[in-house]
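The values are calculated or read from the model by the stated rules, or taken from the named source; none is laboratory data. As the structure is a computational prediction, the values presented were derived from the model and not from experiment. When we count neighbours, we look across all protein chains shown, and the Cβ atoms used for this are built from the backbone with ideal geometry, even at glycine.
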Amino acid sequence: MRNILVVVDMQKDFVDGALGTPEAQEIVGAVMDKIRSYPPENIYATRDTHGLDYLETAEGRRLPVVHCVKGTPGWELYPGVKELLADAVIVDKPTFGSVELAQMLAAENEKEELEIELIGLCTDICVVSNALLLKAFMPEVKIAVDASCCAGVTKESHGAALQTMDMCQIFVRG
């Protein structure tokens, strides 16, 4: 059994940048501790990645806040977290959930049985999207989320996302 950690979108824009929140800032230390508890070869991380045309996209029309534009400081992984993820597999994703990540981990699961834990931002958008995608690709794999290492857009939506994941047989810890 191989234990995999997926660190979702721990980027400057989501911590203290364009879409940052006090709750996101509060989890940084716990996220760093969690990353340190996994061997680097068992860590995958995502980066929300947009272009200069973000406001013209379907997402940009619904959330008109330019963020995580590739190559900008806000797109970078958060300081401290970035250094800890130096040897991780990094997946740039243009939308909430990453099919590429799900395919990668499904292929790894074919070689060796996995258990997957997710942490990061935002619980109610990208964490829940990736957790559900992973569950859809690998329905028999134990998938968990550590609530103490996640933050949502609001405390209420964070709680709702955790409840949704629990209802979909994703283990909620913390």
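General observations
- Within the stretch 45-65, the set of residues being small (Gly, Ala, Ser) and farther than 30 Å from Lys34 by Cβ comprises Gly51, Ala58, Gly60.
- Options Ala45, Ala106, Ala88, Ala24; residue that is under 23 Å from Ile143 (Cβ atoms) and touching a Cys at 6+ places or on another chain (Cβ under 8 Å): Ala24
- Being in a helix (DSSP H, G or I), of a type in the set (A, V, I, L, M) and at pLDDT 95 or above holds for only one residue in Ala144, Ala161, and it is Ala161.
- Where a residue in the stretch 1-29 is more than 12 Å from Leu118 (Cα to Cα) and of a type in the set (Phe, Trp, Tyr) and its partner, wherever it lies, is modelled with pLDDT of 95 or more and outside any loop (DSSP other than H, G, I, E, B), with Cβ under 8 Å and at least six apart: Phe14/Ala24; Phe14/Asp48; Phe14/Leu121
- Reported count of residues in the stretch 39-57, each being surrounded by fewer than 14 Cβ atoms within 10 Å (Cβ to Cβ) and either at pLDDT below 95 or among the hydrophobic types (A, V, I, L, M, F, W, C) (or both), is 2.
- Subset of the stretch 65-85 that is of a type in the set (Gly, Ala, Ser) and free of Cβ contacts under 8 Å to residues at least 60 places away in the same chain - its residue that is surrounded by the fewest Cβ atoms within 10 Å (Cβ to Cβ): Gly71
- Each residue in the stretch 7-22 was checked for being more than 17 Å from His50 (Cβ to Cβ) and under 14 Å from the mean Cα position of the chain (by Cα), and 1 pass.
- The sole residue among Asp166, Asp146 that is charged (D, E, K, R) and either in contact with a His (Cβ under 9 Å, 6 or more places away or on another chain) or within 19 Å of Val15 (Cβ to Cβ) (or both) is Asp146.
- The listed residues are Asp9, Asp48, Asp16, Asp33, and the only one of them that is farther than 21 Å from Val153 by Cβ and not hydrophobic (A, V, I, L, M, F, W, C) turns out to be Asp33.
- So Glu108, is it charged (D, E, K, R), in a helix (DSSP H, G or I) and either surrounded by 21 or more Cβ atoms within 10 Å (Cβ to Cβ) or touching a residue at least 40 places away in the same chain (Cβ under 8 Å) (or both): yes
- Of the strands (runs of 3 or more DSSP E) lying entirely inside the stretch 1-98, the ones with 2 or more residues being β-branched (Val, Ile, Thr) and in contact with a Gly (Cβ under 8 Å, 6 or more places away or on another chain) are found at 2-8.
- When the stretch 86-105 is filtered for residues that are loosely packed, with under 14 Cβ neighbours inside 10 Å and among the small types (Gly, Ala, Ser), only Ala86 remains.
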